1. So which residues in the range 247-261 are under 24 Å from the mean Cα position of the chain (by Cα) and of a type in the set (Asp, Glu)?
2. If a residue must be in contact (Cβ under 8 Å) with a residue 24 or more places away in the chain, β-branched (Val, Ile, Thr) and closer than 17 Å to Ser286 by Cβ, how many such residues does the range 212-243 contain?
3. Among the residues of the range 45-78, which ones are crowded, with 16+ Cβ neighbours inside 10 Å, polar (S, T, N, Q) and in a strand (DSSP E or B)?
4. Can you name the condition, by its number, that Ile83 falls short on among (1) of a type in the set (Val, Ile, Thr); (2) at pLDDT below 80; (3) surrounded by fewer than 20 Cβ atoms within 10 Å (Cβ to Cβ)?
5. Tell me which of these Gly157 doesn't satisfy, since it passes every other one: (1) surrounded by 22 or more Cβ atoms within 10 Å (Cβ to Cβ); (2) farther than 21 Å from Leu73 by Cα.
6. For the range 300-329, what are the residues that are assigned to a loop (DSSP other than H, G, I, E, B), surrounded by 11 or more Cβ atoms within 10 Å (Cβ to Cβ) and of a type outside the set (Asp, Glu)?
7. If you go through the range 211-220 one residue at a time, do you hit one that is of a type in the set (Lys, Arg), at pLDDT 80 or above, closer than 24 Å to Glu243 by Cα and touching a His at 6+ places or on another chain (Cβ under 6 Å)?
8. Is the range 207-222 home to any residue that is touching a Ser or Thr at 6+ places or on another chain (Cβ under 6 Å), buried (at least 18 other Cβ atoms within 10 Å of the Cβ) and within 23 Å of Asn316 (Cβ to Cβ)?
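The values are calculated or read from the model by the stated rules, or taken from the named source; none is laboratory data. Only a predicted model underlies this, so the values are computations on that prediction, with no experimental measurement involved. Positions of Cβ are generated from backbone atoms using ideal geometry, with glycine treated the same way; all protein chains shown enter the neighbour counts.
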Amino acid sequence: MNTKNLAIMSTDIVGSTGTTAALKRKEYDAFRSKYEQLVKQLIENASGEIFKSLGDGYLASFESSTNAVLAGLNIQSQLKSSITTSLLDERFATRIGISSGDVNIDRGDRFGVPVILATRVQSIAEPSATYFTESVFLTMNRNEILYDDLGYISLKGLEDKVRVFRAWPKERDSRSEELAVLCIDIREGTGLLEKSTWEDLEQMLVAYDEVVFKHAFHHKGFFRYNIGDMYLITFERAEHAFEAAVSMAWAFRELKDRHAILSTDYQFGLDFGHVKQILGRLYGFSISRIAPLLAQNSKGEIVLSGAFWERMKEENPLRVAELRVNSLGQALVKGLAKPVEIYAFAP
């Protein structure tokens, strides 16, 4: 057994028993599948490691306290978006608690006071909140995170009170930024309802969701909306959005070759532009009109706007030099004075 200074994260779904009862078994299984993919991928993206699964929650370790808290905030933000777009409510929220200090490591498991504190702090956190202890506060980069000092709180099983903080994302409710927007959809998805059995369609949708979630999270995407089987996902970098779309396209092709999903085309549209966020809602031509319009022009290839292509050239000119895109001419977008140049890339 060896000892290492680590930050420990504990997560759990609020009222998991009531959560289970609120959905049919298949619906809950689908929710759990998305939940697990989201949490696991975002912890991995922050250089964390899950070392134990506890029913509806996880215990994970991080070498960086800052990474642990940022991962907690990102998980909460993504979960909130996923719950909202899935028409679920606060019963499906997650509590997160984080502590740090010397941890004993034995055959992949973690033991010690930080593990106990993380679970205790998680148990008192409000739904959709990330709480952390003073040990985390003293070792994290406080320039990256906003926080409230909740004071000294009595925790179950501990004699001394523990100083606890609540983390907040360092952003305003209203802001404008440039983002890459990926719109992905199933071609003629509504028509599949008439051509396929419910069993086949359900199998395809489960596989479709798994591919979209896995590759979007892996490439640091943020889920914004879904309408039916159409998803809108944003990325800070155009190259991340492009690589997510390419990896999704290859994954769908592999599933079709193995007859694991119905033979249909998957539509991809990519744009880069200003997106305005007001109280959690997103506004802007990129997300509301351009990316969906580009996806409509897709027949399995990845369709991208001229603005997205130019941004790719700025971010990674070497990668762009390897790519061959075909011009599809111009597309008129309602509300825009100038038509949008569009290109297609066949992965």
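1. Passing the criteria: only Glu254.
2. 2
3. Selection gives Ser61 alone.
4. (3)
5. Failed condition: (1).
6. Gly300, Asn316, Leu323, Val325
7. Scanning the range 211-220, I find at least one residue that is of a type in the set (Lys, Arg), at pLDDT 80 or above, closer than 24 Å to Glu243 by Cα and touching a His at 6+ places or on another chain (Cβ under 6 Å), so the answer is yes.
8. yes
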